[in-house]
Amino acid sequence: MRKRLNPKLFPDYTQKKVVDGAMERLDLHGVSRRQFLSFASASAIAAATAASVGIPSIAVADPSGKIAHLIMTLQLEYCANADVGAHGAAEALGLGFASFDGQLDSERQLNQFEQQIAAGVNGVMLHAPGGGSIKRIAQLANENKIWFDNTWGTLPWFTPFEAGDYYTMYAVPEEFSAERAVTVEVCKAIMDKFGGGTVVGVTGIEGNSTDTIRSRGRDDAFKDFPKIKFAGSLPGKWNREDSQKAMEDLISRYPNIVGVIAQNDDVADGCMAALRAAGMQPGKDVFLSGADGTTGGAEAIKQGKLLTTSANVPAYMGALLATRLYDVMNGWKPRASERMMSWRSVAMTKDNVDAYLARYVNNGDVAPFDYEKLSKVKHPNDWDPQAELFPMDIDREWGGIPKPDGWDYPAAYRDAHANGEAKTVQEEYKAHYKIDFFGPSPMKKA
């Protein structure tokens, strides 16, 4: 039997330490005490109180619309950059917004999702560390009519179609070709300067679906460079500290390396620290690639330390997922081919880094996107994805990962590809793509 909420059990939220304790339990990020006690008082406080007295959920209506960003970890610059894009889109679209640190813990994110149900949010954008909780989150979303979308970490071969209508979208950059492209850049630089040599890799989290596809793209590139030997890799767990340790180990094993394929920009930063400590100069003695296109990655390219990164623009991920939630919350219904989507990364090098820095880093108060134009509700006729966005090919995304016993392609996915819908959607998005991903901000005044 569910407990009833007794107002006498509410903590005293007039006390600063009580408010701080509630905010800590909720893992609030980017929310001041004043905001907590004003726009979120009816929801976040209720959630904290419910948790304290053992009530699993309390529904609190909010007609203005609120979304939450469940972040994989705030240890990664990528996540902070993505949160900026999500916040910008939410603000432009008039949505309440709060973000929460998952600390690389799927169970923690599940608890946060339950708290957000209690808080009365209308939608949740999820950046999962893996697939550990995705099925349960999808179940809760449908039961409680909470829209959600997810990016990066997931359970391979589990799609929104099996989950239900409220799992509106799974979206990631197309990583196979992106990682292949930056690996090719490293190999070309090695051939030009050294004529060949030994390369190592520092990966993310073992078993993570994104890490797997990046490794596949990396390995495919080496087929074109027989004079380059890929000696092996170690996991860097997507963060600088673990990657520095992994790189130190690899240097001790392979002291003559001339290249490193780091599977995100935070990983590359850790690798560069280890190389410098070993007396090896990144960008001269050893060529490195990253992935994601973070602020730090772009600055390292400008400084000549990092050769290249696959710039999928973290802020775009945040803006895309936030805008999708706004649209479905306001009655827009995606076609099957719009429920699993990818966007094209750009191989960032010294040749195009200045354009990235101008738009996404040194842009001051100029928004990098026209957030409202991302919305099909706000702009039903002239919406613009502002990146090359297209239906996902799940065979490319999860190829090489064994399918579960008895698994078959969901009927909606299979039909969309058989009847031409997927092609139609791809062409439609291509036609609407006007604002260049690597061009100047559309919000920059002439």
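The values are calculated or read from the model by the stated rules, or taken from the named source; none is laboratory data. Since the model is a prediction, treat every value here as computed from it, not as a measurement. A quick note on method: Cβ atoms are made from the backbone with ideal geometry, for glycine too, and the neighbour counts reach across all protein chains shown. For the accessible areas, the whole protein counts, side chains as well, though only heavy atoms, and no ligand, DNA or RNA atoms are used. Shrake-Rupley method; radii C 1.70, N 1.55, O 1.52, S 1.80 Å.
Values computed for the structure shown
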| quantity | calculated |
| --- | --- |
| Residue check, PRO385 in contact (Cβ under 8 Å) with a residue 24 or more places away in the chain and open to solvent by less than 40 Å² (accessible area, probe 1.4 Å) | yes |
| So PRO314, is it under 23 Å from LEU126 (Cα atoms) and open to solvent by 30 Å² or more (accessible area, probe 1.4 Å) | no |
| Test: residue in region 329-342 that is of a type in the set (Asp, Glu) and closer than 25 Å to PHE176 by Cα | yes |
| Residue match in region 140-162 (condition: of a type in the set (Lys, Arg), in contact (Cβ under 8 Å) with a residue 24 or more places away in the chain and open to solvent by 20 Å² or more (accessible area, probe 1.4 Å)) | no |
| Output for region 362-374, where each listed residue is within 18 Å of the chain's Cα centre (by Cα) and of a type in the set (A, V, I, L, M) | LEU374 |
| Qualifying residue in region 398-415 (condition: open to solvent by less than 50 Å² (accessible area, probe 1.4 Å), in contact with an Asp or Glu (Cβ under 9 Å, 6 or more places away or on another chain) and of a type in the set (Asp, Glu)) | no |
| Candidate set: region 193-219, residues that are more than 19 Å from the chain's Cα centre (by Cα) and of a type in the set (Gly, Ala, Ser); chosen: the one nearest to SER252 (Cα to Cα) | GLY201 |
| Residues within region 331-381 that are open to solvent by 40 Å² or more (accessible area, probe 1.4 Å), under 22 Å from ALA163 (Cα atoms) and either without any contact (Cβ under 8 Å) to a residue 60 or more places away in the chain or not in a loop (DSSP other than H, G, I, E, B) (or both), tallied | 3 |
| Residue count, region 398-444 (criterion: touching a residue at least 24 places away in the same chain (Cβ under 8 Å) and not in a helix (DSSP H, G or I)) | 18 |
| Among (1) within 15 Å of SER342 (Cβ to Cβ); (2) in contact with a strand residue (DSSP E or B) (Cβ under 9 Å, 6 or more places away or on another chain), the one test that ASP219 misses | (1) |
| Positions within region 197-216 being at pLDDT below 90, touching a strand residue (DSSP E or B) at 6+ places or on another chain (Cβ under 7 Å) and not hydrophobic (A, V, I, L, M, F, W, C), in sequence order | GLU206, THR210 |
